[in-house]
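Peer 1: One structure, as structure tokens, below. Some questions next.
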Amino acid sequence: MILRVAFNKKNYLKYIGHLDLMRLFHRSFNRAGVPIKYSEGFNPHPKFSIGNPLSLGIESEEEYMDIDIDYIPVDEFIKKVNAVLPNDIQIIRGKYLEKEEAIASLIAWAFYEINFNIDQKKEKEILEDIFTKWLSQEEIIITRLRKKGKKKIEKEENIKSFIGNLVIKEIRDTSITIDSLLRSGGNGNLKPLDFIEALDRDTCLNIDMDSVTTKRLALYAEKDNNIYKPL
């Protein structure tokens with residue numbers, strides 16, 4: 001059976017990388033005594049996967065994981081595993097899947113809260129005008145480094161279609177908080193930092209890049225141009 005769970009990752013644990021997070025969950029499943037399944041062969045490994053791993057240093061309110069497991073009531077699983085996990089990584093909810101679709105293949109969008117400082121205070125109407133004009137461009141080009149064999153090559157990419165929205169959430173003097181829906185997954189991926197760097201490059205905001213903090217609020221799947229939560 002496949003159990004899909006949502007979990008958070010907060011505070012100092014945002015600095016734990018993906019491989020260390022996988023090891024943490026593996027140890028926690030063992031300590032909790034939950035009946036997770038293992039692969040066969042000489043070196044069996046636990047059968048679970050995390051969809052769309054976070055970049056280092058980003059908090060999240062809601063990540064997803066698929067676990068191949070013998071049946072255990074969802075509430076019991078959550079209680080046992082949360083008891084041995086750190087307080088800043090906790091499972092929020094879970095559900096057994098009727099149809100097995102890998103979580104990594106479903107994720108299409110990520111919803112972020114991004115905070116940054118600008119050099120001068122600006123009213124909300126002015127900021128909204130800046131954002132609207134920026135998003136109305138035919139192209140928003142960034143340069144990415146791609147690996148080709150042993151070499152790294154630069155490649156330009158238009159990220160306009162990777163930006164779902166940009167909404168002002170809060171303004172405190174020169175501190176700006178926005179919410180933004182960004183493309184994520186196999187059909188395109190836009191990192192929040194690349195997004196903010198392009199915004200700073202193309203506008204008069206003069207963003208202090210050292211002040212940028214990011215939190216992922218949600219992940220979404222997409223079907224027939226409709227987005228939805230995969231759990």
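Peer 1: Could you work out how far helix 74-84 tilts from the main Cα principal axis of the chain, as a 0 to 90 degree angle to the nearest 10?
Peer 2: 80 degrees
Peer 1: Could you tell me what % of all Cα pairs in the chain have separations over 20 Å?
Peer 2: On the way: 17256 of 26565 pairs.
Summing the P(r) of the chain above 20 Å gives 65 percent of all pairs.
Peer 1: How big, in percent, is the set of alpha carbon pairs in segment 63-161 lying more than 20 Å apart?
Peer 2: Numbers: 3336 of 4851 pairs.
Value for segment 63-161 (Cα pairs over 20 Å): 69 percent.
Peer 1: Pick out, from Thr177, Val81, Gln120, the residue whose Cα sits farthest towards the positive end of the charge dipole of the chain, with +1 on the Cβ of Lys and Arg and -1 on the Cβ of Asp and Glu.
Peer 2: Val81
Peer 1: At a Förster distance of 25 Å, what's the computed FRET efficiency of Arg144 paired with Ala104, Cβ-Cβ distance as r, to 0.05? Write down the numbers at each step before the final one.
Peer 2: On the way: r = 21 Å, r/R0 = 0.83.
Calculated value: 0.75.
Peer 1: Then there is this: Mean projection of the alpha-carbon convex hull of segment 1-137 over all orientations, in nm²? Each step should come with its number before you reach the end.
Peer 2: Details: hull surface 47.5 nm².
Taking a quarter of the hull surface, the average projection is 11.9 nm².
Peer 1: While we're on this one: Given a Förster distance of 22 angstrom, what is the FRET efficiency for Ser175 paired with Asp129, based on the Cβ-Cβ distance and rounded to 0.05? Intermediate results must be reported in sequence, preceding the final value.
Peer 2: Working: r = 19 Å, r/R0 = 0.87.
Efficiency for this residue pair is about 0.70.
Peer 1: Applying the Karplus parametrisation 6.51 cos²θ - 1.76 cosθ + 1.60 with θ = phi - 60° to the phi angles of segment 32-40, what ³J(HN,Hα) value in whole Hz is obtained for each residue in order, glycine and proline being reported as x?
Peer 2: 6, x, 8, x, 5, 8, 10, 5, 8
Peer 1: Rolling a 1.4 Å sphere over the protein heavy atoms, what is the accessible area per residue of the chain, to the nearest Å²? Before the final figure, lay out the partial values.
Peer 2: Working: 13140 Å² over 231 residues.
It amounts to 57 Å² per residue over the chain.
Peer 1: Using the Karplus curve 6.51 cos²θ - 1.76 cosθ + 1.60 with θ = phi - 60°, what ³J(HN,Hα) values do you get for each residue of segment 224-231, in whole Hz, with x for Gly and Pro?
Peer 2: Running phi through 6.51 cos²θ - 1.76 cosθ + 1.60 with θ = phi - 60° gives 6, 6, 10, 9, 7, 6, x, 8 Hz.
Peer 1: Same structure again: Taking a 27 Å limit on the Cα-Cα distance, which of the listed pairs Lys122/Lys215; Lys10/Lys148; Lys9/Lys79; Lys37/Lys80 fall beyond it?
Peer 2: Working: Lys122/Lys215 23 Å; Lys10/Lys148 35 Å; Lys9/Lys79 17 Å; Lys37/Lys80 17 Å.
In this structure, Lys10/Lys148 lie more than 27 Å apart at Cα.
Peer 1: Per residue of segment 130-138, what does 6.51 cos²θ - 1.76 cosθ + 1.60 with θ = phi - 60° give for ³J(HN,Hα)? Whole Hz please, x for Gly and Pro, Karplus curve as stated.
Peer 2: Karplus-based 3J(HN,Hα) across segment 130-138 equals 4, 5, 4, 5, 5, 6, 7, 5, 5 Hz.
Peer 1: On the protein heavy atoms, probe 1.4 angstrom, tell me the percent of accessible surface of the chain carried by carbon and sulfur.
Peer 2: On the way: 6090 of 13140 Å².
The value for the chain is 46 percent carbon and sulfur by accessible area.
Peer 1: Next question. Starting from the residue with the highest accessible area, list Lys124, Lys215, Lys9 in decreasing order, probe 1.4 Å. Mind showing how you got there, number by number?
Peer 2: Details: Lys124 95, Lys215 50, Lys9 5 Å².
Descending order: Lys124, Lys215, Lys9.
Peer 1: In segment 118-231, with Lys and Arg counted as +1 and Asp and Glu as -1 at Cβ, which of these residues, Leu145, Met209, Thr132, has the Cα nearest the positive end of the dipole, that is, farthest along it?
Peer 2: Positive-end residue among those listed: Leu145.
Peer 1: Work out the length of the dipole vector of segment 53-166 about its Cα centre, built from +1 on the beta-carbon of each Lys and Arg and -1 on the beta-carbon of each Asp and Glu, and round it to the nearest 20 debye.
Peer 2: Working: 18 positive and 24 negative charges, 164 e Å.
So the dipole magnitude of segment 53-166 works out to roughly 780 debye.
Peer 1: Related question: Quote the charge dipole size of the chain about the Cα centre in Debye, to the nearest 20; the model charges only the Cβ of Lys and Arg (+1) and of Asp and Glu (-1).
Peer 2: 940 debye
Peer 1: Something else now. How large is the direction-averaged shadow of the alpha-carbon convex hull of segment 147-231, in nm²?
Peer 2: 8.1 nm²
Peer 1: Tell me the angle of helix 192-202 to the major Cα principal axis of the chain, expressed in degrees between 0 and 90 and rounded to the nearest ten.
Peer 2: That helix lies at roughly 10 degrees to the long axis.
Peer 1: In debye, nearest 20: dipole of segment 149-231 around its Cα centre with unit charges on the Cβ of K, R (+) and D, E (-)?
Peer 2: My answer is approximately 480 debye.
Peer 1: Right, something else. Please list, or write none, the aspartates and glutamates whose alpha carbon is within less than 14 Å of the alpha carbon of Lys133, excluding same-chain residues fewer than 8 places away.
Peer 2: Glu125, Asp200, Asp202
The values are calculated or read from the model by the stated rules, or taken from the named source; none is laboratory data. Please read all numbers here as calculations on a predicted model, not as lab measurements. All Cβ positions, even for glycine, are placed from backbone atoms using ideal geometry, and neighbour counts span all protein chains on display. Accessible surface areas use protein heavy atoms only, side chains included; no ligands, DNA or RNA. Shrake-Rupley method; radii C 1.70, N 1.55, O 1.52, S 1.80 Å.
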